[in-house]
Each structure stands twice: as C-alpha cells, then as structure tokens.
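Comments concern the structure below.
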Amino acid sequence: MPVYFLSDDIEFPSPHLAREDGLLALGGDLSSERLLLAYRMGIFPWYSENDPLLWWSPDPRLVLFPQEINISRSLNKIIKKKVFNITIDTAFHQVIKACAETERNSEGTWIFNEMIEAYSILHELGFAHSVEAWYEDELAGGLYGVSIGGCFFGESMFTRVPNASKVSLVYLVKYLESLSFDIIDCQITSKHLMNLGAREIPRKIFLDLLETSSSRNIRTGKWSF
C-alpha cells in the first residue's frame, strides 16, 4: 500500500488505504481542525519528535465497549476502599506531562511539546479530557483522551502508585456509560487493556461504528463527576 503525503491544504485519504502496519499518511500539522477531522475518520497521530508527523489507522483496532469492562476482584476492592480520590478535567496539563515523562523513561516519548500544546488546545475547546487519581493529595496516576460524539479516543495513561491508572480508567468508563457513550478507542493492542475488557475488531467495523457514534450530540465542554 502507498504512503500518502499531506500538505496543509488537502484532506486525508481513506483510512482503508493504510498500509498493513496501519500507517496511512505523513506530514500536515497538529491544528485542532486537522486533529478533529482525523479522529472522526479513525486516524490518529503517533510519531517521534525527530520524525515527520505520522498518521495511523490500525487494522484490527483495539476497542473497549463500556459495558464490557472487566474489573477484577482485587481492583474492585481497591475501588471500594476509595484508596484514590478520582477527579476529572481538574489537572489536564499535569496528566499529559506525566504521561510524557512516563513514556520518556521507558522507550522514548511520542508526547513532546508540540503534542502537549495541541492537545491542551483541544482541552480548552472541550474535546480533550483527563481523569486524575490522587493519593495523599499527590497526583498518583491518570489518563487523557479525546471525545467526539459518542466515542472516546484514549491517548495515554500513567501511574506512580500501583493501580492508579486502572482505577482512573474504571471511573472514566462508568462516567462514559452514564452519558451513553458507544465506544472507547484504545488504538493499539496491549495485553494490559485486553485484561480490562478491550478487544480487537476489524477496522471496517470500527469505522462503521465511528461514523454513527461521532455524529451523536453528546456532552462537550469541561466534564465533572
């Protein structure tokens, strides 16, 4: 499959034209307009700081349907004990920076200053959201992602205290379920998320679901529990 080059004045090619590894296009920018267009088409940016801007549409796609979340007994005990104080949209900048630090300390971050700035703008516009887990008044873990219609696109999570990110995800899923969200896009397959109930579906099915879900009129702006 060919790789498509983007300029600032052309749209994305069809996600179905992505290479076998999911790479669809390179170039363009991280403007809010382009990011929102990409997410509505099932495309997301993922690249290293010194690489060109790369856009992906994997097949299969890892997704989590809110009603299918798998909460283990041990995790449920932690939630019931209220080990963490969970908030939403109260520390977006702290969360995304913590996610960047976590990636940097492992295999090198893809969340660098340009990405942080772009998603911070989406947060200000009411499309990007964060969930925070606090332990003894310190940020212990959390996650962030993008919300369009009835779909939440998970971007990254981090944890400084064991289970903090898992508890954050559970609270997010329950919150999204209360708002009648259809689907959580987990993007790249991981055993960690599959253990929590995520599963792979063909890209075609994901795109069909997304077309319907993204057009729904569901709550935007700042979120709160």
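The values are calculated or read from the model by the stated rules, or taken from the named source; none is laboratory data. None of these values were measured; they are calculated from a predicted model. All Cβ positions, glycine included, derive from the backbone under ideal geometry; neighbour counts span all protein chains shown.
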(request) Determine, yes or no, whether E117 is over 14 Å from G141 (Cβ atoms), touching a Gly at 6+ places or on another chain (Cβ under 8 Å) and at pLDDT 95 or above. (result) no
(message) Looking only at the stretch 1-20, how many residues end up being closer than 23 Å to S156 by Cβ and at pLDDT below 90?
(response) 2
(request) Residues that are surrounded by 20 or more Cβ atoms within 10 Å (Cβ to Cβ) and either at pLDDT 95 or above or in the same structural domain as S14 (by TED's automatic domain parsing) (or both): find the helices (runs of 4 or more DSSP H) completely inside the stretch 132-225 holding 3 or more of those. (result) 164-178, 203-213
(message) I'd like to verify a number: residues in the stretch 69-93 that are on the phi > 0 side of the Ramachandran plot and free of Cβ contacts under 8 Å to residues at least 60 places away in the same chain, how many?
(response) 1
(request) Count, please, the residues in the stretch 49-95 that happen to be within 21 Å of S156 (Cβ to Cβ), assigned to a helix (DSSP H, G or I) and among the hydrophobic types (A, V, I, L, M, F, W, C). (result) 3
(message) So, F84, is that one within 22 Å of L210 (Cα to Cα), among the hydrophobic types (A, V, I, L, M, F, W, C) and not assigned by TED's automatic domain parsing to the domain that holds N50 or not?
(response) no
(message) Conditions first: (1) modelled with pLDDT of 95 or more; (2) closer than 20 Å to G141 by Cβ; (3) hydroxyl-bearing (S, T, Y); (4) assigned to a helix (DSSP H, G or I). T102 passes all but one, so which condition is the exception?
(response) (1)
(request) Name the one entry in Y47, Y39 that is within 18 Å of G145 (Cα to Cα) and at pLDDT below 95. (result) Y47
(message) Of everything in the stretch 20-63, what is among the aromatic types (F, W, Y) and within 13 Å of the chain's Cα centre (by Cα)? Give them in sequence order.
(response) Y39, F44, W46
